[in-house]
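I have placed the structure first, in the form of structure tokens, so that the comments after it can refer back to it.
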Amino acid sequence: MKGSGYWALGAGAGQKDARSALLATVSSLLATALFATDFLHFGYPDRMTEPRSSRMLLWLVAIGFFMQTLDTTIVNTALPSIARSLGESPLRMQAVVIAYSLTMAILLPASGWIADRFGVKRAYCGAIVVFVIGSLACALSSTMTQLVISRIVQGAGGALLLPVGRLAVLLAYPREQFLKAMSFVAVPGLIGPLIGPTLGGWLSEAASWHWIFLINIPIGAIGAAATLRFMSDQVRVARSGFDFTGYFLIAFGMVAISVALEGLGELGLRGAIVIILLVFGLASICAYWLHAARTERPLFSPALFHTRTYSIGLLGNLFARLGIASVPFLVPLVLQVSLGFSPLESGVSMIPVALAALLAKRLVTGLITRFGYRKVLMTNTLLVGVMIASFGLVGPGHPAWLRVLQLFCLGAVNSVQFTAMNTVTLKDLTSNEASSGNSLLSVVQMLSMSLGVAAAAALLATFTEVFADETHAHALSAFQATFLCMGILTCASAWIFWQLESDVREAKTEEEPVELG
């Protein structure tokens, strides 16, 4: 029966492969230990000089960041299980991922205004409550439409957790301690994507897919109660004249473009409708920049793009991340649909990506210092594209060690790519431009996740039709062609970074920038 079994706790779980469960547990513990070691390197703000409420504030923001990032990856390995429960095709489940990331991209620009208008404490507590309500609605969904709507609600809460929490930390800590404070907050956000695929796969097998959403409820309840108890009710003077017109134009443009790409996949929209949506979406984005040029306080100032490194970095972030964002969506699907992996096994398979990302991120500063941003980003973008395309070789006879090596290498080059792209984008902005520029970068990052999944799903649907049907053999061919296309798209984005000056380098600093993207 569709949507049944909400509270079934592991019927038949004892018959699962104990070795797989043990492997997942050991791998996750090892990776978490490495992240904890990395956290100790960052350090924790001096306990002796902090009031208890300030220390609790960091934990509150860290918990919110953890929930937000966990739900970006925990769903991916459970998609085939959700599809079976709802009577849908596993190759038509991308809307569950897109709804969450697109909603976050839409609401991120308004997060600062919401915090100013309602106060940091109420905004943060409200975000947690909305997130928990969305999670409960996801667990209770019995149709695809209900699940997508619930993910939109969940994304609305998740969109505010990090920016409002970061604002609370900024107001509570002096500037000289802010970097260390945010470094502490960043660690749970790194752990969330690490354990998400494994946890999602394990819950899908040991209990049911509903529990990937239900686990948010006790965490959220504790977070909301602690927010009311420990977070100070700081209300700043609301910024006058929020650019509602500009916000609507950008939001409409993002939605129209995403729906157009989604229409090529799951929605099955006719070509004319897709073209109309794309035209309206692009026109809306263009209209925003015309509007911003004559508005005193635009949502995002066109002056940001007078900084060459920001313009190139932002475009590079958008297009290079399209292929990268498709991998966490495609890999668990191909492993389960075409190769017969269980949800847990497909989740464990993603662990090398996170481990390599952690190990490689220490190399970024040295690489950029020696070779400069242009060479590093051009070369690394090509490597990312090649690694994505290499998954087109995956098949029944593909050696397990080679698959692990592919995922490990992909995680390493992804880590270099993210850090280098983020730092080159923001490094030359003035202090007055930093906040607005960082907000727009966050929007672009979330939008690229949505568009990447939508583009991959559209290609997958197209190639599925080309290869006749959705049987395992034909689905595998469709997956292989999709990986190849997404890899080529990523390689093409290397041309954007070629526009950087050849001598743009990063000076060595005592503190490494915190990766929150």
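Since every read-out is calculated from the coordinates, none of them should be taken as a lab result. Since this is a predicted model, take the numbers as computed values, not measurements. Note: ideal-geometry Cβ built from the backbone for every residue, glycine included; neighbour counts use all protein chains shown.
For the reader, a short list of remarks on this structure follows.
- For 195, 285, order by how many other beta-carbon atoms lie within 10 Å, fewest first: 285, 195
- Each residue in 294, 362, 122 was given a count of other beta-carbon atoms within 10 angstrom of its own, and listing them fewest first yields 294, 362, 122.
- Distance from the C-alpha centroid of region 303-346 to that of region 398-473: 2 Å, rounded to the whole angstrom.
- When you count the other C-beta atoms within 10 angstrom of each residue and take the mean per peptide, 94-102, 210-218 line up highest first as 94-102, 210-218.
- Between residue 228 and residue 282, the simple label model (points 7 Å from Cα in the Cβ direction) yields a spacing of 5.1 nm.
- Listed from fewest to most Cβ neighbours within 10 Å, the set 433, 465, 176, 345 follows the order 176, 465, 433, 345.
- Phi-derived couplings, Karplus 6.51 cos²θ - 1.76 cosθ + 1.60 at θ = phi - 60°, listed residue by residue for region 335-348: 5, 7, 6, 9, 10, x, 5, 7, x, 5, 5, 5, x, 4 Hz, with x used for Gly and Pro.
- HN-Hα J in Hz across region 192-207 - Karplus 6.51, -1.76, 1.60, θ = phi - 60°, x for Gly and Pro: x, x, 5, 8, x, x, 5, 5, x, x, 5, 5, 5, 7, 6, 10
- Note that region 366-373 has calculated 3J(HN,Hα) couplings of x, 4, 5, 4, 7, 10, x, 4 Hz, one per residue in order, obtained from phi through the Karplus relation 6.51 cos²θ - 1.76 cosθ + 1.60 (θ = phi - 60°); glycine and proline are x.
- Once backbone amide H atoms are built at 1.01 Å from N, residue 341 has 336 as its partners under 5 Å, excluding neighbours fewer than 5 places away on the same chain.
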